Amino acid sequence: MAVAEIKKLDLYLHKSVREEVLGVLQRVGCCEIIPRPADAPQDAPMTNERLQEIDGKISEIRFLLRFLEPHYVDPVSSLDRSLGEKPIFSMTELSRVAEKTNIEDFSAKMHAYEARLLAVRSEISQIDGKLLLLDKFQDFPYTMDLLSSGTERVCGLSGTLPTNNLQGWKNGIEAKLGKESEVFVSSFGEKDAEVWVTLLYAREREADAFDVSSKYSLSRVEIPNDLNLSPSEEVSALESRKVALKAEEASIMHIVRKEAESWVPVIRSLSDYFSSLRKRYEVLDDGIFTDQTLAFQSWIPSRSVDALKKGLLPYQKNIEIVLSDPEKEEIPPTLLQNANWSHPYETLTKLYGVPVYGELDPTSLMAPFFFIYFGMCLGDAGYALVMIAALTYFMRKYKRMPDSVRQFMRLIMGAAVSTLIYGALTGSWFGDLADSYEFLGFFRPIKNMFFVIDPMQKPMVILGISLAFGIVHLSFGLFISFYDCIRKKDYVAAFGDKGAWITMLAGILLLAGGASGALPGAFSTLGKWMAIVGAVVVFVYQGRGKSGIMAKFFSGVLALYGSTSYLGDVLSYSRLLALGLASAAVGVIINMLGNLSSDIPYVGWLIGIMVVLVGHTFGMAVNILGAFVHSLRLQYVEFFSKFYSGGGKFFAPLTYSSQYVDITEASAKK
Amino acid sequence: MEQYLGIMLAVLGAALAAGWAGAGSAIGVGIAGESGAGVMTEDPGKFGLVLLLQALPGTQGIYGLMTAFLVLLKVGLLGGTPLAVGIWQGLGIMFACLPVAIAQYFSAIAQGKTSAACIQMIAKRPEETGKAVILPAMVETYAVLALLTSIILLNSIKL
C-alpha cells in the first residue's frame, strides 16, 4: 500500500563493457536512466555510429511494414496479439535473425516494386480518363488529331455546353461561320443539364468560333496531344494497353503478397529487435564519458537492486555501483507497490495520475469504495454473471496477457462480483426476467432466497444508504488528509484546517441527527458545540495569513462558505441510487417489450427472444460503461479532492519494446 | 371528458420526457459523431475509442425513455387496466417529468460538445482515453440528478 522506495544508482563502467552492461540493464528492466544534466562536463564527445545504423534499419523496416502489412493475412488477430499471443524470442535469437537478414537489399527490391506499382496505377488512371473522354466522340467521323493539333487549315474545339444554350449556339455558329464549320453533338438525355459538343472550323475564323462559343458559355476541354487516331482505334489501343497494365499490376501484387507472407513475421520481429536496440543505445546520450570510462545515473526500486547486482556479476571487475537515497530537491519517479488484492486498482490511480514520490498512494484507500459503488451502479446479478463468464473465458484462454490488461480484467472481475452481490440482494436478474416469463418460474425461489429490498419500491431507503456511503467516503478522505498532515509533521494544518473541518461537519451531522429525532437530544447539544468550535477554528485559521481585520474576516467567511461544497459532494452520491435504478428499470422495460412482441402470431416467440437478447446486450454495454465511469468519478472528484492531487511521474525503466514479439531472457524454443 | 384528462396529462409528461431527452441525445451524439468522423479520416483505427465517446451523450435518451415507461407503468397503460388518475394527480405526474425533459435535453447537447472535444484529444493522445471518458461524465452528473428527481417525484405521487 504505498509508493515503492526508489534508490539512486550511480554506475561507473569501463567503456569496453558498455554494450554488455547496458544489455543487462535492459534485460533486468528495473532502471530508469536519468538524463545527463545539460551542463555536465563531457571529455570525449560521444560518437554514436551504431545508433545511426540502427536508425537506418528502422526506417527501412517502417517502410516495409507500411508497404507489406496491408497485403499480409495475419494468422493472429490483433485482439489476440494485444492479449499477449505473440511469438517468443530471445535477444540472441533475434540478433541471429538480424545477421542473416539483409534488410537493405530486400527493401530496395520492394521500393522498386512500389515505384513500378505507382507508375502502373497512374498510367491506368490516365487511360481511364482518356477513355471517358473518347466516350463522347463515338459518332465523330474524323481522327482525333484534328482536335488535338489540327491541320494547316482546319482545327477544332470541344467541350460542354448548357443544354438550354445548344440551339442558340448552333444558330450562332451557322450565322457567323456558315459553311466554314461543322458541328457535332454527342447524344444526350432529356434531363442532362449539359451536352458535349465538338466544332470544326477553318483556322482563320478561330476568333469568331471562340466568340460565339464563349457567348453561350461553352467550357472548353483540351484534347490530349497523344490522341491522334480515330476514336474507335484509340479506344481499342487504350483498352489493350490497360489490359496489359492490369496484368502487370496483378503480377506485382501477387509477388508482393507472396513476399508479405514470408517476410512480415520476420520484419516484425526485427522491428522490435531494432527498436529495443535503439532504446539501449539512446541511453549512451545520457552517460558522461571520460577517456576510458562512462558514468550513468539512474533510479532503481530498492527491491530490484539484488536482481540487478546478480545480473551485473560477470562484469564486476569493470564496473562500480554506488547506491544512495534521493536528495531532497530531487524528485524520483513513482512506482506503485500494492498488495495483491488492491493491485488491480492501480490502473485507476494511473488513470488519474500517480502520486509524487513520497506522497500517499490512494490505491488501496479507494479500492473498497470503487468495488461497492460499481456494484450499486450496475446492480444486476444477471449482467454480473455474463461478465464473470466472459472474463473467465478470456483469462483462461490468454495466459500471456500483458500485465496491464490482466490487472484491468481482474479489476472488472471484482466489480462483477460486487454487482452480483448487490443484484442478488435487490432481486435484479436481467431486470425482472424470471417474473415476466412464466416458463422461467423455476428461478423465482432462487431469486427470492437472496432478495432483501427492491429499490424500485423503496428508493428512499437506497437513497439514504447512498448518501450514508457518501458521508463515510468523504469523512474518510478528510481523515486521510488529517493523517497525511500529521505524517508530514504539519500539525498546524492538521488541527487548524483538516481537524477543524472534521469537527465542524461531524457536529453538523450530530445536530441534524438530534433535530430530526434520530438521535437523543444530548447529541444535538454536543453537535451544536462541535460545529461552533470547528467553525471558529476554520474561520481563524483561514484568516491567519491575511493582514488587516477586513481581509481576515472575509477570507474566514469565504472558507466557511466552502462548507456548502460538502453538501453538494454528499448529494452527488445519489447517483448510486439513480444508476442502479436505471439499469434495473431498463431491464424491466426490455423484458416488457419482449413480452409484448411475443404476442405477435406465429413469429412472436422468435421476435421476443431477439428483443430480450439484443436489449439486454445493449443495456449491459451502456450500464457497464456508466457504472465504471460514475463510480470512478466519485473517487476522482469527491474523494481525491479531499487529500490527493497526483502529479507524479510514472517509473519508466529501460526495457525491451515488444509490439509484435515477446522478448525474454531465455528462448522458449530450446 | 374529465376522467380522461388526468391520464392524458400523465401521457403528456411521458411524451415530454422521452421526446426532449431523445432529441437532446440525438443532437449530442450527432455533435460527437461529426468530430469523430473528422478524426477517423486521419486514423480509421480509432473507431472503437471514438464510438465509445460518441455513445456517452446517448444515455440521456435512455433516461427519458425510462421515465416515460415508469409513468406509463404507474398509470397502468402498459399491460394492465388503466388506473383512475385525477386531474391534479395527472398534473403532478406531468410536472414530475419536467426535470428529465429539460435537463436531459440540455445536458445531452453539452455532453456532446464535451465528447467532441475529447475525441479531438484522443486523436492526439490516445493513451489518455481514461481521462477523455471522465470529462463528458462530469456533464452527465446533472442528467442523473434530474432523473433521480423525476423518479422520486413520481414515486411520491400516490394514485
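The values are calculated or read from the model by the stated rules, or taken from the named source; none is laboratory data. Computed from a predicted model, the values in this text were never measured in an experiment. Here the Cβ positions follow ideal geometry from the backbone for every residue, glycine too, while neighbour counts run over all protein chains shown. Note: areas computed on protein heavy atoms with side chains; ligands, DNA, RNA excluded. Shrake-Rupley method; radii C 1.70, N 1.55, O 1.52, S 1.80 Å.
Observations on the structure shown:
- Alpha-carbon centroids, region A:591-621 and region B:84-159: separation in whole Å: 27
- Simple spin-label estimate for residue A:443 and residue A:292 gives 7.9 nm between the two label positions (7 Å along the Cα-to-Cβ direction from each Cα).
- Amide H within-cut-off set for residue A:657, under 5 Å, with H built and near neighbours excluded: A:276
- Shielding value for A:644-655 is 0, the average number of Cβ atoms from other chains within 10 Å of each residue's Cβ.
- Estimated distance in nm for a label pair at residue A:512 and residue B:155, the labels positioned 7 Å out from Cα along Cα-to-Cβ: 1.7
- For the residues B:149, B:141, B:114, a GNM of chain B with alpha-carbon springs under 10 Å puts the largest fluctuation on B:141.
- Kirkwood hydrodynamic radius of chain A, Cα pairs, Å: 33.7
- For the pair B and A, the buried accessible area comes to roughly 2300 Å² in total, with a 1.4 Å probe and the value rounded to the nearest 100.
- Within the listed set B:96, B:55, B:18, the residue fluctuating most in the Gaussian network model of chain B (springs between alpha-carbon atoms under 10 angstrom) is B:55.
- Straight-distance crosslink candidates among lysines, where the alpha carbon sits under 21 Å from residue A:215 and sequence neighbours closer than 8 are dropped: A:170, A:176, A:179
- Applying the criteria of a DSSP loop state and at most 13 other Cβ atoms within 10 Å to the trypsin sites (Lys or Arg not before Pro) of region A:428-535 yields A:488, A:489.
- Probe 1.4 Å, accessible area per residue of region A:141-229, Å²: 57
- Qualifying lysines (Cα of each under 29 Å from Cα of residue A:447; at least 8 residues distant if same chain): A:458, B:74, B:158
- For the peptides A:253-261, A:395-403, A:529-537, the ranking by packing is A:529-537, A:253-261, A:395-403, with the highest mean count of neighbouring Cβ atoms within 10 Å listed first.
- Annotation for region A:111-184: GluC sites (Glu not before Pro) lying in DSSP loop with at most 16 further Cβ atoms inside 10 Å of their Cβ are A:152.
- ³J(HN,Hα) computed for each position of region A:159-168 - Karplus, 6.51 cos²θ - 1.76 cosθ + 1.60, integer Hz, glycine/proline x: x, 10, 9, x, 4, 4, 8, 4, 5, x
- A simple count of charges around residue A:344, restricted to other residues whose Cβ falls under 10 Å of its Cβ and scoring Lys, Arg +1 and Asp, Glu -1, yields +1.
- Selected from B:140, B:42, B:128 as most flexible by GNM, with chain B as the system and alpha-carbon contacts under 10 Å: B:42
- Residue-wise HN-Hα coupling along region A:138-143, computed from phi with Karplus coefficients 6.51, -1.76, 1.60 (Hz; x: Gly, Pro): 3, 9, 6, x, 9, 7
- Placing pseudo-labels 7 Å out from each Cα toward the beta carbon at residue A:217 and residue A:167 gives an inter-label distance of 1.9 nm.
- Length-normalised contact order for region A:141-229 - Cα pairs under 8 Å, 6+ apart - percent: 45
- Anisotropy class of region A:141-229 from Cα gyration tensor, a/c 1.5 cut: oblate
- Share of carbon and sulfur in the accessible heavy-atom surface of chain A [1.4 Å probe, %]: 61
- Per-residue shielding of A:628-638, expressed as the average number of other chain Cβ atoms within 10 Å of the residue Cβ, stands at 3.
- Chymotrypsin sites (Phe, Trp or Tyr not before Pro) restricted to region A:295-392 and DSSP loop, no more than 14 other C-beta within 10 Å: A:341
- Table column - 3J(HN,Hα) (Hz), region A:600-610, Karplus curve with 6.51, -1.76, 1.60, x for Gly and Pro: 4, x, 6, 9, x, 4, 5, 4, x, 4, 4
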